[in-house]
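All of the numbers you see were taken from the coordinates with simple rules; none came from a lab. Since the structure is predicted, the reported quantities are computational estimates derived from the model, not experimental observations. Using ideal geometry, Cβ is built from the backbone for each residue, glycine included, and neighbour counts are taken over all protein chains shown.
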Amino acid sequence: MTCSGLLLHRKATAQAEAVLRRALDAGLDSAPALANLALCCSRQNRHQEAAELARSATRSQPALISAWNTLGAALLALGQPADAETELLQGLAEHPEQPALTLLLGHARRALQRDEEAEESYRQFDQAGQRLFEEAELLTLSGRLLEAEHQFRQLIATQPRNPSAHAGLGRLLLRRGQAEEAIESLERALALDPNDATSQHFLGVARAQPSDHSSAAYVRSLFDYYAERFDESLVDTLGYRIPEEMARRLLDEKVDLTEVLDLGCGTGLMAAALDGYFGAMDGVDLSGNMLGLAGRTGRYRELFCDDIVDFMASCRTRYSTVLAADVLVYAGDLGRLLEPMKDLLEPGGVFAFSIELNNGEAWSLNGKTGRYQHHPDGLDPILEAHGFSPAAWTLTTIRQEVRERIPGAIALAWRT
């Protein structure tokens, strides 16, 4: 069975069929083997034989989604949509809302000219696919990588032209250290959606061709997508506590919070952590969706939808404190931020920021996560070169991810 499955995966259909027939002729009693043989027949356009084998497999082992899928597809190919609908409804009774079966049910109903029911099946298919994608992303973050890969591949099998599915699989393969396979998936995603900034970013990561900062398009698309569930995912699921820890450091040092600028303000977690302790706070973020949520808090004086470097370069307001919580994971070169910042931060003002730690370089790009990492030893000389003191550093944990602690640090650097 393992051998035949591998051959099928490699599209070696005739070889897989020969292996399966020998095993079945030798007395193997296996519904999965029947289902795989049915798939072999289907791929070779022997649909009647495929339907008979797949029907036997479903009756023997109703849990086999692949058998129901092959049975429905074979009946449709034979021009028997009514029979296909009957079988697919039985399959969906065993596996409710299963995407592949839901899609085939839509095709059967379309062939039966029941267009409204067909459209409803197609809507359910789209919703099921989106749920599969979100579940796969959560499985990835929780470290259940094999389960996540299965989900992504299941989604690709039902939606082969879904760029998000190929992109998600590519990012997962990066986490597993499979760069060549990741490149293939990410290239496929970009062939389907050439403007996908996220896949462009991770393809550069996979090819070991990093820029010194993430593109604005990538950051915007990332946070626009996650905005509505950002706080729940980051704080509740991943244990992110940097805003609270940074707020505590600022208050312990009695930093002047009269005029505060929150770079990459997101949904407003820093403003919430410092609520009641600052005079006025402005926020800037690339994601309009994030800013919409931050605006609902009522804690910001003004909010600006802009790249943080471009905003600081054109800003005429002077601030006593500038915050950047979890921002440098998208910016490798700290000097890009410090150059415009030194003109808007009052002398004696504080730049407070967090970093993910690497082994000592000023910056590096994590080849598995696509995030930038830094180290105090590499950043202090850059701070001094741009008119700041060496930072006061506090080691911490940024978050829990893929069942691992992500080490980081919080820095307070004074404008000299």
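Mean separation of Cα pairs under 8 Å and 6 or more residues apart, divided by the residue count, gives segment 319-407 a relative contact order of 26 percent.
Summing Lys and Arg as +1 and Asp and Glu as -1 over all other residues whose Cβ lies under 14 Å from the Cβ of E49 gives a net charge of +2. Can you tell me the 0 to 90 degree angle between the C-alpha axis of helix 99-111 and the longest principal axis of the chain, rounded to 10? On a 0 to 90 degree scale, this one is about 60.
Work through the residues other than F202 whose Cβ is under 15 Å from its Cβ and net out their charges, Lys, Arg +1 and Asp, Glu -1. Once all neighbours under 15 Å are counted, the net charge is 0. Using only helices, what value at 222 nm comes out for the chain when you add -39,500 (n - 2.57) per DSSP H run of length 4 or more and divide by the total residues, to the nearest 500 deg cm²/dmol? Calculated from helices alone, the mean residue ellipticity at 222 nm is -17000 deg cm²/dmol.
In this structure the amide hydrogen of V322, modeled in the peptide plane, comes within under 5 Å of the amide hydrogens of L261, V350, F351, A352, none closer than 5 places in sequence on its chain. Rounded, prolate or oblate: pick one for segment 236-344, where a ≥ b ≥ c are the square roots of the eigenvalues of its C-alpha gyration tensor, a/c under 1.5 means rounded, and failing that, prolate if a/b is larger than b/c, else oblate. Rounded, since a/c falls under 1.5. Applying both filters, DSSP loop and at most 15 other Cβ atoms within 10 Å, to the trypsin sites (Lys or Arg not before Pro) of segment 267-333 gives R301, R316, R318. Here segment 261-416 is treated as a sphere whose radius is the Kirkwood value from Cα pairs; by Stokes-Einstein at 25 °C and 0.890 mPa s it diffuses with a coefficient of 154 µm²/s. Modelled spin-label separation between T297 and L145, with each label point placed 7 Å from Cα along the Cα-to-Cβ direction: 3.4 nm. Contact order, relative form, for segment 229-414: 19 percent (alpha carbon pairs under 8 Å, 6 or more residues apart, mean separation divided by residue count). Amide H to amide H, with H built 1.01 Å from N, V327 comes under 5 Å of S354, counting only residues 5 or more places away or on other chains.
Based on the Stokes-Einstein relation at 25 °C and a viscosity of 0.890 mPa s, and on the Kirkwood radius from alpha carbon pairs, segment 2-96 is assigned a translational diffusion coefficient of 188 µm²/s. For the chain, the longest principal axis of the Cα atoms and the long axis of helix 242-252 meet at an angle of about 10 degrees.
Residue-wise HN-Hα couplings along segment 327-340, as the Karplus relation 6.51 cos²θ - 1.76 cosθ + 1.60 with θ = phi - 60° gives them from phi, are 9, 5, 5, 10, 9, x, 7, 4, x, 4, 7, 5, 4, x Hz; Gly and Pro carry x. Near L345, the amide H atoms lying under 5 Å from its own belong to Y319; only residues 5 or more places off or on other chains count, and H is placed 1.01 Å from N. For the chain, the relative contact order works out to 9 percent when only alpha carbon pairs closer than 8 Å and six or more residues apart are counted.
Between Y277 and A313, the distance separating the two model label sites (each 7 Å from Cα on the Cα→Cβ line) works out to 3.3 nm. Calculate the FRET efficiency for E49 and E404 from the Cβ-Cβ distance with a Förster distance of 60 Å, rounded to the nearest 0.05. According to the calculation, E is roughly 0.75. In order along segment 179-186, the Karplus-derived 3J(HN,Hα) couplings, from 6.51 cos²θ - 1.76 cosθ + 1.60 at θ = phi - 60°, round to 5, 5, 5, 4, 4, 4, 5, 5 Hz, and Gly and Pro are given as x. Stokes-Einstein diffusion for segment 163-209, with the hydrodynamic radius set to the Kirkwood value over Cα pairs and evaluated at 20 °C in a medium of 1.002 mPa s, equals 219 µm²/s.
The GNM of the chain, with springs linking C-alpha atoms under 10 angstrom apart, assigns the highest mean-square fluctuation among R399, R336, R153 to R336. Computed over the chain, the alpha-carbon pair-distance distribution with 20 angstrom bins reads 23, 43, 23, 10, 0, each value a whole percent.
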